[in-house]
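> Pasting a structure here, questions to come.
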Amino acid sequence: MNETFMKEKPVLPLLVSMALPNVISMLVNSLYNIVDSLFVARISEDAMTALSLVYPIQNFANAIAIGFGIGINAMIALYLGAGDRKKAETAATHGMALSLMHGILITIVSIVIMPGFLRRFTSDAGLIASGITYSTIVFLFATINMAALAFEKMFQAVGRMKVTMAALIFGCVCNIILDPILIFGLGPVPAMGIAGAALATGIGQLLSLCVYLFVYVRTELPVRLRRSCLRPDAALDGKLYAIGVPAILNLALPSLLVTFLNGLLAGFSQSYVVVLGIYYKLQTFLYLPANGIVQGMRPLIGYNYGAKQHARVKKLYELTLIMSAAIMAAGTVICLFASRPLMQLFTSNPETVAIGQTALRIICLGFVVSAVSTTSSGALEGLGKGAESLVISLCRYIVFIMPLAAVLCHFHGANGVWHAFWITEVLSAIVAYPVYRKAVGKC
């Protein structure tokens, strides 16, 4: 397969062709996240609370998988762009081996720490038991999820976006079908409650991995996993982690933020914790499709940077920013005018619905401007500049929002936390664009 189309095809149709499969797959993934939460919410609001409390650790595990995958993606694309296929295959092989090691460690560590983690936020024995049940099953599939996401980034790096779309959609659709069967029972299948939701998630991840393995075995790719490439290469592994670790931190920082905000909001009412969890489910409908565009951009920027096509790098950034901002503008309108029905999807508790309406209408004020930060961060990762990308994420998830939330909730109650979101996006955008421009200026 000849991947030189990434530096020859006109930029706009190229970006659309690479991004569209990702956007579609991200929308399906968003639908899965929403449907999964809807079924869990039907068990009880306590079950939904348990998921909200587990979310930070689950997100951190996914951050490791996706973040290190970004390192794999970037190195493969950069080496292919420079015409070094052997190095690209070595990056893919080392990346997969290290991903499997990460999965095993995550399974062990996450299961061990979860009981103590949950007790930091609640003393309710039922909530703790539900959280432990859900998280234990989910983390037993961590190695499978790591392998699937490593394959995803490998296929994306060589432009096979339709394969990644098919794998993700297949896994998510199977998950959606299995959710009601395993949670509530059907025929000989017993009702498993929250354990069924976790098992459906794991099976969906396994099926996605099966799709990748089938395509990998049956088709030709510009890069292959080779045993001969497993020889120690500290310099290459260092480059994978130099990009992957900042990307992991970029994706893991929301977990730290949610943990921090849960601590603030729990002091007002458990309903605020539920609303924060619901918001993070709803926002996937916006940020995952926008992230799909960024995923389409990332290997293109890496390949063209490796091929020294800097004018195309600039054009790719600008088009991605415009497309992401358009998605976020649509999300702003939806949250402003449909906040009540959105909250009612997850809860019938009048207090929780009222709190959620207010939260969505305030937080969405920062959606459009957030496109500057997300696009800049993704572009920097594609260029192999993980440290600069991390600076932007630190601004969004720690430097600005944590002190703002703490101060504003002291003066404005829980609503101060919601205002901290949009103020942070404005401040982060002010930082993000100059950071990106400075980094590109060094290209």
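Yes/no per residue for (1) modelled with pLDDT of 80 or more; (2) touching a Gly at 6+ places or on another chain (Cβ under 9 Å); (3) small (Gly, Ala, Ser); (4) surrounded by fewer than 22 Cβ atoms within 10 Å (Cβ to Cβ):
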site: Ile34; (1), (2), (3), (4): no, no, no, yes
site: Phe39; (1), (2), (3), (4): yes, yes, no, yes
site: Glu45; (1), (2), (3), (4): no, no, no, yes
site: Ile72; (1), (2), (3), (4): yes, yes, no, no
site: Ala77; (1), (2), (3), (4): yes, yes, yes, no
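> Looking at Val353 and the list (1) under 27 Å from Ser44 (Cα atoms); (2) modelled with pLDDT under 90; (3) of a type outside the set (Asp, Glu), which single condition is not satisfied?
Of (1) under 27 Å from Ser44 (Cα atoms); (2) modelled with pLDDT under 90; (3) of a type outside the set (Asp, Glu), only one is false for Val353: (2).
> List the number of the failed condition for Phe170; all other conditions in (1) surrounded by 14 or more Cβ atoms within 10 Å (Cβ to Cβ); (2) modelled with pLDDT under 90; (3) in a helix (DSSP H, G or I); (4) not charged (D, E, K, R) hold.
Here Phe170 meets the rest and fails (2).
> Any chance the stretch 5-21 includes a residue that's assigned to a helix (DSSP H, G or I), touching a Cys at 6+ places or on another chain (Cβ under 9 Å) and modelled with pLDDT under 75?
There is no residue in the stretch 5-21 that is assigned to a helix (DSSP H, G or I), touching a Cys at 6+ places or on another chain (Cβ under 9 Å) and modelled with pLDDT under 75.
> Quick one: count up the residues across the stretch 315-361 that are under 29 Å from Gln295 (Cβ atoms) and β-branched (Val, Ile, Thr).
6
> Then there's this: Just to check your reading of the model, which residue among Leu199, Leu209, Leu265 is more than 22 Å from Ile137 (Cα to Cα) and buried (at least 17 other Cβ atoms within 10 Å of the Cβ)?
One residue alone meets the criteria, Leu265.
> Let me ask something additional. Just give me the residues in the stretch 212-224 being at pLDDT 90 or above and either buried (at least 19 other Cβ atoms within 10 Å of the Cβ) or among the acidic types (Asp, Glu) (or both), in sequence order.
The answer is Tyr212, and nothing else.
> Pick from the stretch 422-432 the residues that are surrounded by 16 or more Cβ atoms within 10 Å (Cβ to Cβ) and in contact (Cβ under 8 Å) with a residue 60 or more places away in the chain: which of them is farthest from Gly356 (Cα to Cα)?
Ala432
> Which of the residues belonging to the stretch 104-127 are in contact (Cβ under 8 Å) with a residue 60 or more places away in the chain and either part of a helix (DSSP H, G or I) or touching a Cys at 6+ places or on another chain (Cβ under 9 Å) (or both)?
Met114, Phe117, Leu118, Gly126, Leu127
> Taking the stated definitions as given, is Ala247 touching a residue at least 40 places away in the same chain (Cβ under 8 Å), under 18 Å from Asn73 (Cα atoms) and not basic (Lys, Arg)?
On the way: touching a residue at least 40 places away in the same chain (Cβ under 8 Å): yes; under 18 Å from Asn73 (Cα atoms): yes; not basic (Lys, Arg): yes.
Answer is yes for this residue.
> Let me ask something else about it. What helices (runs of 4 or more DSSP H), lying completely within the stretch 327-432, carry at least 1 residues that are out of contact with any Gly (no Cβ under 6 Å at 6 or more places or on another chain), more than 18 Å from Thr284 (Cα to Cα) and charged (D, E, K, R)? Steps first, answer last, please.
Working: elements: 339-344, 350-363, 367-382, 386-394, 401-412.
So the answer is 350-363, 367-382, 386-394.
> Kindly provide the set of residues from the stretch 394-416 that are within 22 Å of the chain's Cα centre (by Cα) and under 19 Å from Tyr279 (Cα atoms), ordered by number.
Correct list: Arg396, Tyr397, Ile398, Ile401, Met402.
> Now a separate question. Kindly provide the set of residues from the stretch 433-443 that are in contact (Cβ under 8 Å) with a residue 60 or more places away in the chain and out of contact with any Asp or Glu (no Cβ under 8 Å at 6 or more places or on another chain), ordered by number.
Selection gives Tyr433, Val440, Cys443.
> Mind checking which residues of the stretch 395-421 are buried (at least 18 other Cβ atoms within 10 Å of the Cβ) and touching a residue at least 60 places away in the same chain (Cβ under 8 Å)?
The answer is Arg396, Tyr397, Ile401, Ala405, Cys409, Ala414, Val417, Trp418.
> Condition test on Leu178, is it within 30 Å of Leu15 (Cα to Cα) and either in a helix (DSSP H, G or I) or not aliphatic (A, V, I, L, M) (or both)?
So Leu178 does not fit the description; no.
> Being of a type in the set (Gly, Ala, Ser), out of contact with any helix residue (DSSP H, G or I) (no Cβ under 6 Å at 6 or more places or on another chain) and either assigned to a helix (DSSP H, G or I) or at pLDDT 85 or above (or both) is true for just one of Gly263, Gly302. Which residue is that?
Gly263
> List, please: which pairs have Cβ atoms under 7 Å, are six or more places apart or on different chains, and start with a residue in the stretch 16-28 that is more than 11 Å from Val294 (Cα to Cα) and end with one that is among the β-branched types (Val, Ile, Thr) and in a helix (DSSP H, G or I)?
If the second residue must be among the β-branched types (Val, Ile, Thr) and in a helix (DSSP H, G or I), the pairs left are Pro21/Thr164; Ser25/Thr164; Ser25/Ile169; Val28/Ile169.
> Assess whether Gly83 counts as being surrounded by fewer than 19 Cβ atoms within 10 Å (Cβ to Cβ) and assigned to a loop (DSSP other than H, G, I, E, B). If you could, list the steps in order and put the result at the bottom.
Values: surrounded by fewer than 19 Cβ atoms within 10 Å (Cβ to Cβ): yes; assigned to a loop (DSSP other than H, G, I, E, B): yes.
Criteria met by Gly83.
> Evaluate the following for Ala50: is it over 22 Å from Gly306 (Cβ atoms), buried (at least 24 other Cβ atoms within 10 Å of the Cβ), in contact with a Leu (Cβ under 7 Å, 6 or more places away or on another chain) and among the small types (Gly, Ala, Ser)?
In short, yes.
> What do you reckon, is Phe121 among the hydrophobic types (A, V, I, L, M, F, W, C), out of contact with any Pro (no Cβ under 8 Å at 6 or more places or on another chain), crowded, with 19+ Cβ neighbours inside 10 Å and at pLDDT 90 or above?
Here the answer is no, as Phe121 does not meet what is asked.
> Would you be able to say whether some residue in the stretch 183-203 is touching a Pro at 6+ places or on another chain (Cβ under 8 Å) and outside any helix (DSSP H, G or I)?
Among the residues of the stretch 183-203, at least one is touching a Pro at 6+ places or on another chain (Cβ under 8 Å) and outside any helix (DSSP H, G or I), which makes the answer yes.
> List every residue pair whose Cβ atoms sit under 6 Å apart, with the two residues 6 or more apart in sequence or on different chains, where the first one lies in the stretch 188-213 and is without any contact (Cβ under 8 Å) to a residue 40 or more places away in the chain and farther than 16 Å from Met146 by Cβ and the second, anywhere, is small (Gly, Ala, Ser) and in a loop (DSSP other than H, G, I, E, B).
The qualifying pairs are Ala191/Gly185.
The values are calculated or read from the model by the stated rules, or taken from the named source; none is laboratory data. Predicted model only: the values in this text are computed from it and were never measured. Cβ atoms come from the backbone with ideal geometry, glycine included; neighbour counts cover every protein chain shown.
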